[in-house]
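> After the structure tokens below, expect a handful of questions from me.
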């Protein structure tokens with residue numbers, strides 16, 4: 001079966017390892033047909049003072065050049081040049097323009113910040129332990145996620161790791177089904193693809209993003225689904241892609257949707 005990975009990072013982001021070339025070599029060796037590099041789009045110094053969460057703006061040209069070199073070196077591998085763009089809601093302070101995003105053929109939409117707090121950063125996770133925090137954080141996270149997914153003015157092609165709020169193993173005290181339903185409706189309203197992100201199995205939540213019930217809600221809503229490993233090390237570039245396919249099939253999907261360099265989509269049957 002054709003393997004695709006539409007989400008990976010290299011050393012250009014402050015918390016990744018390995019060169020772009022290392023990922024391309026590993027992907028080709030693993031039999032991956034399509035590989036998207038999706039480095040974290042630069043954040044402001046106010047939100048990323050240490051340059052740990054995103055690519056420094058000064059390094060973007062080198063990142064783009066490295067992807068072009070990987071394409072030249074691996075002509076049989078379909079390499080997409082993309083970025084992962086944080087949706088910041090009312091805390092957006094970057095003044096983004098179309099020209100800023102023009103170099104990127106694929107834009108992943110992510111919510112890593114809840115009211116300017118990077119809730120999934122291990123170094124800043126303490127707020128999760130406050131009384132009632134999981135319920136409050138989950139509600140606000142889903143509110144922001146739905147804004148990002150449903151807004152046609154946003155540039156996102158794919159909404160990444162949809163239930164990232166579970167990363168540290170914290171779940172709301174109430175049934176999350178209504179939140180899942182709202183997320184599915186938002187993705188459908190915005191015409192967004194969603195992502196099965198295989199990295200979740202290796203965090204405290206011990207399951208892929210999204211949870212099976214949320215993925216089933218996306219399928220019922222008609223949201224196309226792709227797969228990314230979210231690798232931050234070349235060794236993980238192909239990790240659990242086929243398991244991701246199996247999760248999709250169990251949710252009722254019959255094909256993997258693959259973004260293309262031209263902005264179109266193609267489908268790979270799951271069986």
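The values are calculated or read from the model by the stated rules, or taken from the named source; none is laboratory data. Since the model is a prediction, treat every value here as computed from it, not as a measurement. Don't worry about glycine lacking a Cβ; one is built from the backbone with ideal geometry, like all the others, and counts go over all protein chains shown.
> Quick check on region 31-39. Is at least one of its residues over 25 Å from residue 208 (Cα atoms) and out of contact with any helix residue (DSSP H, G or I) (no Cβ under 6 Å at 6 or more places or on another chain)?
Taking region 31-39 and keeping what is over 25 Å from residue 208 (Cα atoms), we get none.
Checked against the condition, which is being over 25 Å from residue 208 (Cα atoms) and out of contact with any helix residue (DSSP H, G or I) (no Cβ under 6 Å at 6 or more places or on another chain), region 31-39 yields no hits at all.
> Checking residue 253 against (1) touching a helix residue (DSSP H, G or I) at 6+ places or on another chain (Cβ under 7 Å); (2) over 26 Å from residue 26 (Cβ atoms); (3) assigned to a helix (DSSP H, G or I), only one condition comes out false. Which one?
(3)
> Sort through 90, 122 and tell me the only one that's within 19 Å of the chain's Cα centre (by Cα), surrounded by fewer than 20 Cβ atoms within 10 Å (Cβ to Cβ) and farther than 30 Å from residue 2 by Cα.
Of 90, 122, the one residue that is within 19 Å of the chain's Cα centre (by Cα), surrounded by fewer than 20 Cβ atoms within 10 Å (Cβ to Cβ) and farther than 30 Å from residue 2 by Cα is 122.
> Taking the residues in region 57-77 that are under 27 Å from residue 148 (Cβ atoms) and touching a residue at least 40 places away in the same chain (Cβ under 8 Å) as candidates, determine which candidate is surrounded by the most Cβ atoms within 10 Å (Cβ to Cβ).
For region 57-77, the residue satisfying everything is 67.
> Look through region 26-56, keep the residues that are more than 20 Å from residue 96 (Cβ to Cβ) and modelled with pLDDT under 95, and return whichever of them is surrounded by the most Cβ atoms within 10 Å (Cβ to Cβ).
Of everything passing the filter in region 26-56, 52 is surrounded by the most Cβ atoms within 10 Å (Cβ to Cβ).
> Let me ask you something else. Residue check: is residue 238 crowded, with 19+ Cβ neighbours inside 10 Å and either free of Cβ contacts under 8 Å to residues at least 24 places away in the same chain or farther than 24 Å from residue 16 by Cα (or both)?
Values: crowded, with 19+ Cβ neighbours inside 10 Å: yes; either free of Cβ contacts under 8 Å to residues at least 24 places away in the same chain or farther than 24 Å from residue 16 by Cα (or both): no.
No, not satisfied.
> Please state which one of 258, 196 is in contact with a helix residue (DSSP H, G or I) (Cβ under 6 Å, 6 or more places away or on another chain), modelled with pLDDT of 95 or more and either loosely packed, with under 14 Cβ neighbours inside 10 Å or not in a helix (DSSP H, G or I) (or both).
Working: 258 fails: in contact with a helix residue (DSSP H, G or I) (Cβ under 6 Å, 6 or more places away or on another chain).
Result of the check over 258, 196: 196.
> Then there's this: If a residue must be closer than 20 Å to residue 237 by Cα and buried (at least 20 other Cβ atoms within 10 Å of the Cβ), how many such residues does region 200-217 contain? Give the steps one after another, and end with the answer.
Restricting attention to region 200-217, the residues satisfying the condition of being closer than 20 Å to residue 237 by Cα are 200-203, 206-210.
Now narrow it down to the ones that are buried (at least 20 other Cβ atoms within 10 Å of the Cβ): 200, 208-210.
Result for region 200-217: 4.
> For region 1-28, enumerate the residues that are more than 18 Å from the chain's Cα centre (by Cα) and farther than 10 Å from residue 234 by Cβ.
Answer for region 1-28, where residues must be more than 18 Å from the chain's Cα centre (by Cα) and farther than 10 Å from residue 234 by Cβ: 1, 2, 28.
> Sticking with this one: Kindly evaluate residue 169 against the criterion of being modelled with pLDDT of 95 or more, assigned to a loop (DSSP other than H, G, I, E, B), surrounded by fewer than 17 Cβ atoms within 10 Å (Cβ to Cβ) and over 17 Å from the mean Cα position of the chain (by Cα).
Considered against the rule, which asks whether it is modelled with pLDDT of 95 or more, assigned to a loop (DSSP other than H, G, I, E, B), surrounded by fewer than 17 Cβ atoms within 10 Å (Cβ to Cβ) and over 17 Å from the mean Cα position of the chain (by Cα), residue 169 comes out as yes.
> Also, I was wondering about something else. Can you tell me which of 123, 153, 149 is touching a helix residue (DSSP H, G or I) at 6+ places or on another chain (Cβ under 7 Å), more than 16 Å from residue 228 (Cβ to Cβ) and either in contact (Cβ under 8 Å) with a residue 40 or more places away in the chain or outside any strand (DSSP E or B) (or both)?
Being touching a helix residue (DSSP H, G or I) at 6+ places or on another chain (Cβ under 7 Å), more than 16 Å from residue 228 (Cβ to Cβ) and either in contact (Cβ under 8 Å) with a residue 40 or more places away in the chain or outside any strand (DSSP E or B) (or both) holds for just one of 123, 153, 149, which is 149.
> Something else: Quick one: in region 218-235, of everything that is out of contact with any strand residue (DSSP E or B) (no Cβ under 8 Å at 6 or more places or on another chain) and more than 19 Å from residue 79 (Cα to Cα), which residue is surrounded by the fewest Cβ atoms within 10 Å (Cβ to Cβ)?
In this case the residue turns out to be 222.
> Something else: Here is a list: 204, 271, 184. Which entry is free of Cβ contacts under 8 Å to residues at least 40 places away in the same chain, within 22 Å of residue 120 (Cβ to Cβ) and either assigned to a loop (DSSP other than H, G, I, E, B) or within 15 Å of the chain's Cα centre (by Cα) (or both)?
Values: 271 fails: within 22 Å of residue 120 (Cβ to Cβ); 184 fails: either assigned to a loop (DSSP other than H, G, I, E, B) or within 15 Å of the chain's Cα centre (by Cα) (or both).
Criteria check complete, one pass: 204.
> Test each condition in (1) more than 30 Å from residue 17 (Cα to Cα); (2) part of a helix (DSSP H, G or I); (3) out of contact with any helix residue (DSSP H, G or I) (no Cβ under 6 Å at 6 or more places or on another chain) for residue 189 and report the one that comes out false.
With (1) more than 30 Å from residue 17 (Cα to Cα); (2) part of a helix (DSSP H, G or I); (3) out of contact with any helix residue (DSSP H, G or I) (no Cβ under 6 Å at 6 or more places or on another chain) applied to residue 189, the lone miss is (3).
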